[in-house]
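Below is one structure, written out as C-alpha cells; comments come after it.
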Amino acid sequence: MPAVRRTLAAAPLLLALAASTLPARGDDAKKDNAEAKEATKDAAPAPASGKLTITLADGKTATCREQSAQSFLIRGNWFPRTNDAEKLKEGRKLLEQAIKYRTEKYGYFEGYGNPKANRHPPKYYAKSTSFMGLSVQVHSKIIPALKCVEAALKASPAGDEYKPRTMGGIRFHNTYRGVEISNHVYGIAVDIEPDKNTCCGCVAPWNTHPLCKQKDKTVWERMAMPRSWVEAFEKYGFYWLGHDTLQDTMHFEFLGDPDKITESTGDIATN
Ligand SMILES: [Zn+2]
C-alpha cells in the first residue's frame with residue numbers, strides 16, 4: 001500500500017487510498033526467465049552452504065533461515081474472487097485469524113482484534129534500522145529479516161542493479177477502510193521507492209504513473225525495481241504486493257514466522 005505522502009495527510013488522498021482496496025483488473029505476472037546470479041568482487045561471499053549470516057543489534061551473529069509467507073496472512077486469500085458464499089466466509093475467517101496473529105505477534109492497533117492479546121501498540125516495538133543505505137522504522141522483530149534480504153542482495157549482483165533513494169516503513173494510521181488493516185500499521189511492511197515502483201491497481205495518483213499506461217507489459221516491467229529484488233525479499237518470508245490485484249509493486253510485507261527468521265544466535269562478533 002503506498003504511503004500517504006510523507007508530509008501531506010490530506011483527507012481526500014486518504015479516502016482515495018482507502019478506495020484502492022477494491023479489486024483491480026491486473027493479472028498476476030508469470031514467472032519467466034530467472035536471472036543468473038554470480039558473485040561480485042566486493043560483495044561478501046555466501047558461505048558454502050548457501051546460508052547467509054547477519055549481525056544482530058546485540059552484536060550476536062545469526063544464520064538466515066529461508067521461509068515463505070504464511071498463506072492465511074496473504075490478503076488475496078481473505079477476499080477470494082468468487083461468488084461462492086462458503087469460500088467468502090472462509091476468507092473472512094482467515095482475515096480474523098490474521099488480525100489475531102498480528103495483534104499477538106506485533107501489537108494491538110485500536111479497533112482491530114483483542115486488546116488483551118497484546119498490551120502494547122505496534123509503535124511501542126518500532127525501531128529504526130538501515131536497509132541498503134536507507135533509514136527506515138519498522139517493528140523490531142522483522143529487522144533481522146530485512147538484514148537477511150540485504151545480505152542476499154549484497155551477496156549477488158542484485159545489490160548493484162538497483163539503488164532506491166526512498167523507503168517507507170511503519171505508519172500510525174490505517175490506510176485501508178473497513179475490515180482490513182494495513183501491515184504498515186504493524187510495522188511489518190516496507191515501501192521501496194514509491195515514485196518509481198507504483199501501484200497500478202490503486203487509484204490516482206498511483207495508477208496515473210506513465211508505466212501503468214503500458215497495458216501490454218507485465219507487472220514486472222512496470223516498475224523500476226528488478227525482479228532479483230522481489231526474489232530476495234520472498235526468500236526470507238516477505239510477500240510482494242505486486243502479486244496482488246492491487247499490483248502494489250513498491251510494497252513488501254513480512255508474512256513469515258517472526259520466530260523463525262534466523263536459525264540460532266551464535267557467538268558475539270569480535271570485530
Ligand atoms: Zn505499502
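Give me, ordered by chain and number, the residues 5 or more places off Met167 or on other chains with an amide H under 5 Å from its own placed amide H.
Excluding prolines and chain starts, which carry no amide H, the hits are Glu193.
With θ set to phi - 60°, apply the Karplus curve 6.51 cos²θ - 1.76 cosθ + 1.60 along region 136-142 and write out the HN-Hα couplings as whole Hz, x wherever there is a Gly or Pro.
8, 10, 9, 5, 4, 5, 9
What percent do you get for the relative contact order of region 52-265 when only Cα pairs under 8 Å and 6+ apart count? Spell out each step's value before the answer.
On the way: 382 pairs, mean separation 53.2, N = 214.
Dividing the mean separation by the residue count of region 52-265 yields 25 percent.
Could you name the lysines whose alpha carbon sits less than 23 Å from that of Lys87, not counting residues in the same chain fewer than 8 places away?
List returned: Lys100.
Between the alpha-carbon centers of region 188-218 and region 115-187, tell me the distance in whole angstrom.
Centre-to-centre (Cα) distance: 19 Å.
Which lysines, on any chain, are close to Lys196 with Cα under 25 Å apart, when same-chain ones fewer than 8 places away are left out?
Lys30, Lys31, Lys37, Lys147, Lys154, Lys163, Lys213, Lys215, Lys217, Lys235
At a threshold of 8 angstrom on Cα-Cα distance, excluding pairs fewer than six apart, so keeping six or more, what relative contact order does region 160-201 reach in percent? Kindly include the intermediate steps, with their values, before the conclusion.
Numbers: 43 pairs, mean separation 17.9, N = 42.
Computed over region 160-201, the figure is 43 percent.
Where does the charge balance sit around Ser68 when Lys and Arg score +1, Asp and Glu -1, over other residues with C-beta under 14 Å from its C-beta? Show your work: numbers first, answer last.
Values: positive: Arg65, Lys235, Lys260; negative: Glu66, Glu231, Glu234, Glu253, Asp257.
In short, -2.
In whole angstrom, how long is each semi-axis of the equivalent ellipsoid of region 154-205, when you take the square root of 5 times every eigenvalue of its Cα gyration tensor and sort them from largest down? Mind showing how you got there, number by number?
Numbers: eigenvalues 133, 44, 16 Å².
After scaling each eigenvalue by five and taking roots: 26, 15, 9 Å.
Values in this text are rule-based calculations from the coordinates and carry no lab data. None of these values were measured; they are calculated from a predicted model. As a convention, Cβ positions derive from the backbone with ideal geometry for all residues, glycine included, and neighbour counts pool all protein chains shown.
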